[in-house]
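Please read the structure below before turning to the comments.
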Amino acid sequence: MNAFDPFAPGGQRSKSSRLSRFQAAVVIARRDFLAVLFSRAFLFFLIGPLFPVIVGGLAGSIGGQVSREAVASEVGLAMSAPDNAAMIEAASQLSSTLGRAIPVVREVPEATDPGFDAQEFMAARRGNYAAIVGGTLAAPELIGTQRQVARWEGPIGLIAGQAGSGAPLPQSETSSLTVAATGASERANRIRTAQAAQMVMFLLTMLLAGMVLSNLAEEKGNKIIEILAAAIPMDAVFMGKLFAMLGVSFVGIAVWGMLGWGFWAIAEDAIVTVTQTDYRNLPGPAVGWPLFLTLAIVYFSMAYLLLGALFLTIGAMANSVREVQTMSMPVTMMQLMVFFLAAYTITQPGSALETFAILFPLSSPFAMLARAATQEVLWIHALALIWQAIAVVLMVKGGSMLFRKRVMKSGGAGREKKARWRGLRARRASISGAPMATDPAE
Amino acid sequence: MDMALGDRMAAGNRPGDAGWDETALIPPEPRPLAIEAKGLVKSFEGTRAVDGIDLSVPQGAIYGVLGPNGAGKTTTLRMLLGIIDPDEGVRRVFGHDRPHDIGRLIGYLPEERGLYPSMKAIEAIAFMGALRGLPLAEGRRRGLELLESHDLGHAANRTIRQLSKGMAQTVQLLGTLVHRPRLVVFDEPFSGLDAINQGKLERMIRSLAEQGTTVIFSTHVIHHAERLCEGVAIIAGGRVPYAGSVEAARDRIPAQVRLETRARDGGWTAALPADTRREGDFFYFTLPETGVEPLLRRLIEGEAGILSLSIERAGLHDAFVAIAGEAAARQLEMDAQEHRR
């Protein structure tokens with residue numbers, strides 16, 4: 001440490017002032033963002049969500065296959081051979097116009113046995129038939145569970161009727177005029193878009209906001225918090241950390257989005273087939289796709305900052321990593337509650353519950369995103385964003401204050417303010433001559 | 001810290017003394033205060049950790065906060081820095097009652113050292129500077145200079161977890177100073193340092209003060225405070241029984257005289273003060289208020305045969321015992337032993 005000269009040529013003394021809260025937050029955000037981004041753990045964080053997608057895809061595919069094999073949708077035929085043939089022919093003809101409403105019909109091989117009893121056969125749980133049709137074309141007899149009988153009674157009667165007539169049943173020629181959408185279909189489509197958008201936003205916040213829980217653990221463990229607290233206001237530390245993690249989240253979303261786009265480019269048709277959703281023709285939101293996507297990004301940021309501020313505060317109160325882990329489950333449950341609240345109100349625009357969901361800061365971004373999908377009105381988004389921004393600031397302020405009081409063991413300011421407030425009230429009371437109110441806490 | 005007139009008189013600047021400086025008797029202009037605290041009180045869960053502390057630290061001084069562990073030193077420093085707010089009382093740093101408002105002027109090295117383990121040494125210094133408003137590029141440039149001047153240039157791009165404990169401590173110290181603060185607060189800075197690094201740190205503190213930087217540090221090792229500090233606050237049980245110059249603290253204990261004579265007995269012994277005790281060939285007694293000259297005259301007249309006479313001023317340790325009490329002094333000694341181990 002020899003030859004140390006802190007005032008050596010090369011710089012002037014520090015200017016007399018302080019960093020603004022914004023500048024201080026930027027210093028923290030920059031450090032945290034780079035520290036997370038260039039850590040090895042971040043790579044695992046990026047590829048982590050891909051595992052459930054792959055596993056889910058495989059499980060879904062296998063499960064679908066098993067389900068298709070396990071669920072009986074075939075109706076067995078135990079009629080005479082000509083009647084069976086006529087039934088198969090009629091079912092084939094009808095399914096071309098009625099599709100899945102018509103069951104697959106198949107002869108029951110065991111029915112050729114003269115002593116075959118369909119009821120006994122079904123009761124013995126033999127074969128893999130939803131039901132068995134016996135009797136004649138004029139009087140078909142359906143054997144199966146009550147549920148299956150109720151399900152197939154109509155279609156079997158129709159098939160038997162056509163098979164018995166020997167010719168296709170008469171159909172009237174229907175002419176058609178189409179419109180792009182009806183009020184009912186547009187509303188239904190927009191609700192689907194709102195649900196999908198809320199779900200995506202919920203999944204992303206659940207996946208990403210949880211990281212914030214343990215965000216102050218390193219500083220507390222390494223005692224760096226003392227240096228930070230001595231240099232800059234604690235709310236700037238909180239804000240910086242939140243924005244750093246939001247930045248990290250956007251990096252994650254960008255990477256996953258690019259991977260998703262890559263998969264889509266390679267296997268567009270396969271994805272549509274497997275998920276049974278045509279993403280190319282998703283119903284448009286009320287405000288249009290460009291504005292909706294913009295609002296989705298902004299509302300995601302707000303949801304992240306609001307939840308993050310809460311999580312950061314909760315995590316900051318924890319004394320150990322174990323406590324943080326213990327807290328993660330109730331925190332996830334709380335996220336779910338907020339999501340359910342917002343999701344429940346999609347179909348109830350203008351209701352008191354929807355208004356509550358919009359006003360309650362944690363559910364507000366979710367409820368407003370659904371609004372963007374279902375209603376064209378724009379000014380309400382400006383109001384909601386202002387309110388959400390205010391809520392973020394208040395939560396960060398409250399969280400940092402709590403942290404200072406509970407963890408840094410700082411206090412007194414509140415007491416001083418309270419004393420000042422009491423003094424002010426006392427002065428007012430003495431001026432007005434009114435009796436002075438007493439604080440019940442005293 | 002300014003010596004009061006009385007302090008200087010007590011320190012030996014008396015008319016007729018060799019080196020008598022008449023101008024020294026003219027009270028100097030009071031130096032502006034870097035830190036001013038009045039009636040600071042802080043309680044934790046009903047226990048008063050700090051109980052009405054007053055402090056005044058002039059700009060450019062090296063000031064020690066001396067007391068045993070648990071006396072309230074760290075809590076006091078944390079209040080002065082704005083890390084925590086006092087329950088009662090006021091604190092002003094360079095005239096501001098919110099220390100964060102002048103964050104760029106302050107450097108702080110906490111007792112429990114902490115750095116981000118995955119950060120490179122140079123980045124850690126630049127980051128600590130950035131927290132105090134120093135642009136990152138400038139922080140890196142100054143950081144490299146500082147590391148090189150401390151023979152740690154080779155470690156600039158190593159992560160903190162790759163450094164030895166001593167090297168990491170030096171990095172944090174440089175990070176505390178990289179923005180060239182006007183006030184540096186060290187909480188137990190010598191804790192955990194070996195003798196060589198303690199010496200280096202002492203030189204660094206002196207160098208900072210020579211450049212006009214105010215340095216305030218807490219310690220439970222008396223000789224650090226005695227060697228370095230112009231002013232000291234003795235703190236025990238959350239109170240400050242003494243705050244002032246080190247010299248004035250020492251002068252609270254009268255100087256001791258050690259006398260060696262050729263003659264063992266004689267009429268001259270009646271001239272010795274009442275508190276005189278004899279240990280072997282030596283007589284020990286408190287320096288009389290009238291000074292040593294009248295006594296010397298009588299000893300010579302009584303043919304005591306003076307072989308040697310020395311006046312020993314009390315040390316800061318004696319002053320601490322007198323001011324803070326035996327129990328606090330014992331605790332301080334135990335802390336110091338623990339520190340040495």
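Quick notes on this one:
- Scanning segment A:5-54 for residues that are at pLDDT below 70 and within 17 Å of A:Trp256 (Cα to Cα) gives no hits.
- Residues that are under 18 Å from A:Gly144 (Cα atoms) and at pLDDT 85 or above within segment A:65-83 comprise A:Glu74, A:Val75, A:Gly76, A:Leu77, A:Ala78, A:Met79, listed in sequence order.
- Of all residues in segment B:259-286 being of a type in the set (Asp, Glu) and in a strand (DSSP E or B), the one that is modelled with the lowest pLDDT: B:Glu279
- Restricting attention to segment A:355-371, the residues being crowded, with 21+ Cβ neighbours inside 10 Å and outside any loop (DSSP other than H, G, I, E, B) number 10.
- Top-ranked residue in segment B:105-121 [being surrounded by 24 or more Cβ atoms within 10 Å (Cβ to Cβ) and more than 28 Å from B:Leu33 (Cα to Cα); ranked as nearest to the other protein chains (Cβ to nearest Cβ)]: B:Leu115
- Filter result for B:Ala71 (under 17 Å from the mean Cα position of the chain (by Cα), modelled with pLDDT under 90 and buried (at least 18 other Cβ atoms within 10 Å of the Cβ)): yes
A quick yes/no check of all residues on (1) within 13 Å of chain A (Cβ to nearest Cβ); (2) in contact with a strand residue (DSSP E or B) (Cβ under 9 Å, 6 or more places away or on another chain); (3) aromatic (Phe, Trp, Tyr); (4) surrounded by fewer than 19 Cβ atoms within 10 Å (Cβ to Cβ):
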residue	(1), (2), (3), (4)
B:Met167	yes, no, no, yes
B:Thr176	yes, yes, no, no
B:Pro181	yes, yes, no, no
B:Gln211	yes, no, no, yes
B:Ala225	no, yes, no, no
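- Residues satisfying the stated conditions in segment B:69-97, i.e. of a type in the set (D, E, K, R) and either more than 10 Å from B:Glu36 (Cα to Cα) or part of a loop (DSSP other than H, G, I, E, B) (or both): B:Lys73, B:Arg78, B:Asp85, B:Asp87, B:Glu88, B:Asp97
- Residue match in segment A:131-147 (condition: assigned by TED's automatic domain parsing to the domain that holds A:Met79 and charged (D, E, K, R)): yes
- Some residue of segment B:286-304 being closer than 30 Å to B:His220 by Cα and in contact with a Pro (Cβ under 7 Å, 6 or more places away or on another chain): yes
- Among the residues of segment A:257-305, those that are touching an Asp or Glu at 6+ places or on another chain (Cβ under 7 Å) and at pLDDT 80 or above comprise A:Ala286, A:Val287.
- Restricting attention to segment B:129-138, the residues that are among the aliphatic types (A, V, I, L, M), within 21 Å of A:Asn222 (Cβ to Cβ) and more than 7 Å from every other protein chain (Cβ to nearest Cβ) add up to 1.
- For B:Asp101: the one exception among (1) assigned to a helix (DSSP H, G or I); (2) in contact with a helix residue (DSSP H, G or I) (Cβ under 8 Å, 6 or more places away or on another chain); (3) surrounded by fewer than 18 Cβ atoms within 10 Å (Cβ to Cβ): (2)
- One residue alone among A:Leu246, A:Leu203, A:Leu207, A:Leu242 is at pLDDT 90 or above and within 19 Å of the chain's Cα centre (by Cα), and that residue is A:Leu246.
- Being surrounded by fewer than 24 Cβ atoms within 10 Å (Cβ to Cβ), out of contact with any His (no Cβ under 8 Å at 6 or more places or on another chain) and either under 18 Å from A:Phe33 (Cα atoms) or within 11 Å of chain A (Cβ to nearest Cβ) (or both) holds for only one residue in B:Arg158, B:Arg141, and it is B:Arg141.
- Listed by position, the helices (runs of 4 or more DSSP H) inside segment A:219-321 whose residues that are without any contact (Cβ under 8 Å) to a residue 24 or more places away in the chain and among the polar types (S, T, N, Q) number at least 2 are A:268-275.
- Positions within segment B:125-138 being part of a helix (DSSP H, G or I) and crowded, with 18+ Cβ neighbours inside 10 Å, in sequence order: B:Ile125, B:Ala126, B:Phe127, B:Met128, B:Gly129, B:Ala130, B:Leu131
- Selection status of A:Ile431, in a loop (DSSP other than H, G, I, E, B), at pLDDT below 90 and among the β-branched types (Val, Ile, Thr): no
- Checked against the criterion of being within 14 Å of chain B (Cβ to nearest Cβ) and either buried (at least 16 other Cβ atoms within 10 Å of the Cβ) or touching a His at 6+ places or on another chain (Cβ under 6 Å) (or both), the candidates A:Leu208, A:Leu228, A:Leu204 yield just one match: A:Leu228.
The values are calculated or read from the model by the stated rules, or taken from the named source; none is laboratory data. What you are looking at is a predicted structure, and each value in this text was computed from that prediction instead of being measured. As a convention, Cβ positions derive from the backbone with ideal geometry for all residues, glycine included, and neighbour counts pool all protein chains shown.
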